[in-house]
1. Could you identify the single residue in D603, D593, D532 that is in a helix (DSSP H, G or I), at pLDDT below 85 and not small (G, A, S)?
2. Going through region 495-520 one residue at a time, which ones are of a type in the set (S, T, N, Q) and open to solvent by 40 Å² or more (accessible area, probe 1.4 Å)?
3. Any chance region 521-531 includes a residue that's touching a Leu at 6+ places or on another chain (Cβ under 8 Å), charged (D, E, K, R) and open to solvent by 10 Å² or more (accessible area, probe 1.4 Å)?
4. Would you mind stating whether A318 is in contact with a Ser or Thr (Cβ under 7 Å, 6 or more places away or on another chain), among the aliphatic types (A, V, I, L, M) and either modelled with pLDDT under 95 or crowded, with 17+ Cβ neighbours inside 10 Å (or both)?
5. Just checking, how many residues over region 4-39 are part of a strand (DSSP E or B) and either open to solvent by less than 10 Å² (accessible area, probe 1.4 Å) or closer than 11 Å to V240 by Cα (or both)?
6. Can R490 be described as of a type in the set (D, E, K, R) and open to solvent by less than 40 Å² (accessible area, probe 1.4 Å)?
7. Give just the number: which of (1) open to solvent by less than 10 Å² (accessible area, probe 1.4 Å); (2) free of Cβ contacts under 8 Å to residues at least 12 places away in the same chain does A252 not satisfy?
8. Would you list the strands (runs of 3 or more DSSP E) that sit entirely within region 54-108 and hold 1 or more residues that are touching a helix residue (DSSP H, G or I) at 6+ places or on another chain (Cβ under 8 Å) and crowded, with 19+ Cβ neighbours inside 10 Å?
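The values are calculated or read from the model by the stated rules, or taken from the named source; none is laboratory data. Predicted model only: the values in this text are computed from it and were never measured. All Cβ positions, glycine included, derive from the backbone under ideal geometry; neighbour counts span all protein chains shown. Just so you know, the surface numbers come from the protein's heavy atoms only, side chains and all, with ligands and any DNA or RNA stripped out. Shrake-Rupley method; radii C 1.70, N 1.55, O 1.52, S 1.80 Å.
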Amino acid sequence: MEFLDLPPMMSAAGRVRLPGSKSISNRVLLLAALSEGETEVRDLLKSDDTDRMLDALRVLGVEWSLDQAQNVYRVAGVSGCFPNRQADLFLGNAGTAFRPLTAALALAGGEYRLSGVPRMHERPIGDLVDALRELGAIIDYEENKGYPPLRISPTPERLNAEVSVRGDVSSQFLTALLMSAPLVGHAVTICVIGELISKPYIEITLDLMRRFGVTVERDGWERFVVPAGSRYRSPGVVYVEGDASSASYFLAAGVLGGGPVRVEGVGRESIQGDVRFAEALEKLGGRITWGDNWIEASAPADGRLKAFDLDLNHIPDAAMTLAVMAMFCDGPCWLRNIASWRVKETDRLAAMATELRKVGAVVEELPDALHVAPPQQMQTAAIDTYDDHRMAMCFSLVTLGGPMMRINDPACVNKTFPTYFDVYREVTAPVPVVAIDGPSASGKGTVAARVADALGYHYLDSGSLYRLVALAALKAGLAETDEAVADVARHLPVEFHEGCVRLSGEDVTDAIRSEACSAMASKVAVIPAVRDALLDRQRAFRQAPGVVAEGRDIGSVIFPDAATKVFLTASVEARAGRRYKQLMEKGLPANIDSLSQDLRERDERDASRSVAPLKKLPEASLLDTSDMGVDDAVQFVLDLVAQG
């Protein structure tokens, strides 16, 4: 599976121009297609969902064109009558295309088949089909009753005038009925059974229908009347608002990462209900500022994010972001009235509970609610995304709490926000890494430790990790071929502090330099399972305010995104002289000629290794310390860090 590793983030600040709203984009495309006249659609979202709608419209005979330079679509309306009366449409996992097209085609008088990906065939559509059948439409299930794929047959000449639909499963069912009702040819009354969820999405539908010339009469949220003679007329030009659901991730980042983060494309004039996510942030303590077309978010003045107990029926998509934010709060949180999560791209209630637990939260999953108790410390985790774009985007925010996050199947964000991770990187600052590599005895350990001390950063001696694995394996009586060695590497209780290396609290600084330990380290260092285990262990050292890491492949494999990379070297003679001095100070026998020969042989071995060979990375700064003291070398690195 493809994955994306996101480093821990220090802060978030900046501006984001939002992509177009998915909900508005697909509604506008269908209304433009059903209208009289040509509609110019500006700022349309470019995503999998809108691609599915555009492909379907073209198959149905609707002509449209794209001016790529200005991101302007021109849609030639068909006045409510699709030119192609037979079509087989594949709609992926795009609910905002599948539901309204089902209703429009059911009333269009043709023969159509609608299908999608396997997950779409698990998303219930029975309530919409029942309502359309009540009007007189002829729809058959090809596989499981109540679920796609669907086959639609021509409707009778006279359709009924009144229909009822459940309101507590998905607001998209009511949206589909409302948008298709003008095709009936006479007045249509739609009655909602039970509580209508996600009312703000219905407001979007009614607002857009009004822009296209159809005003719906309604009695509260229980009864809607589409008048006789209603037909869609192009308004000429339609601008698609920025996606308010996508705004939630960046507004949350501003609150979690200090801010300010400003999102542009939605504001106090927005027709989208998800802008009310900003109001929820204020209840948590976030500082929010509104403009007509922008919203800005910053951290609470006291840095404290308050626990919450909220009914989130009105913002179901943005509510997912609050589920992740609950882990940052000062107490347990309740997310209530979110049963609609279960019929989205995945069962989001179950998926969210599962993934929050991976990060360390204590989660109680109810039929229509989540109770989230924040962890004492968030854990690094590999997040499964279930082919659900919002799962991927939500969990990127965990990086603002300290741990690294692995996002499996990151391309799922293509559904609504293909460039999400690029934009997220633009407004976040990762925990800085100074990566120092170089040949044996070049002084990289001494320099790295001094740089870490000067900066107040954490320090990682990656070479010592392999020696520690070797020492722990020797203590346990394991051979290098024993599979348990990798398990030792995964659970190594190690600490680097003030020049000392501790294993389970014991100072083993000298023990890991023994001949037996060195020999064992060379053997375990090439075991793939050990290297994989230590990869995550090394990355775990990346914590605020930063880390100075030294060792082989530190800048190429462990921290390839390190902002500062240094390749420290020196002549063999200079390195042998330093090693000779160290040994003599410890009262150990030494011969400088033997040391020089050993270093030459080791350099050759290290450079020719198949795993982590010794080499300078192109982006690394070269520092030859043959004629340089430690203080000068440390200052050189500190100057590089300061230069950014």
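1. On the way: D593 fails: at pLDDT below 85; D532 fails: at pLDDT below 85.
Checking each option against the conditions leaves just D603.
2. If the condition is that a residue be of a type in the set (S, T, N, Q) and open to solvent by 40 Å² or more (accessible area, probe 1.4 Å), then S504, S514 are the ones that fit.
3. As a first pass, look at region 521-531 and keep what is touching a Leu at 6+ places or on another chain (Cβ under 8 Å): none.
Looking through region 521-531, none of the residues is touching a Leu at 6+ places or on another chain (Cβ under 8 Å), charged (D, E, K, R) and open to solvent by 10 Å² or more (accessible area, probe 1.4 Å).
4. Values: in contact with a Ser or Thr (Cβ under 7 Å, 6 or more places away or on another chain): yes; among the aliphatic types (A, V, I, L, M): yes; either modelled with pLDDT under 95 or crowded, with 17+ Cβ neighbours inside 10 Å (or both): yes.
Yes.
5. As a first pass, look at region 4-39 and keep what is part of a strand (DSSP E or B): 4-6, 9-17, 20, 36, 38-39.
Remaining after also requiring either open to solvent by less than 10 Å² (accessible area, probe 1.4 Å) or closer than 11 Å to V240 by Cα (or both): 6, 12, 16, 20, 39.
The qualifying residues number 5.
6. Working: of a type in the set (D, E, K, R): yes; open to solvent by less than 40 Å² (accessible area, probe 1.4 Å): no.
Criteria not met by R490.
7. (2) is the only condition that A252 fails.
8. 72-76, 86-90
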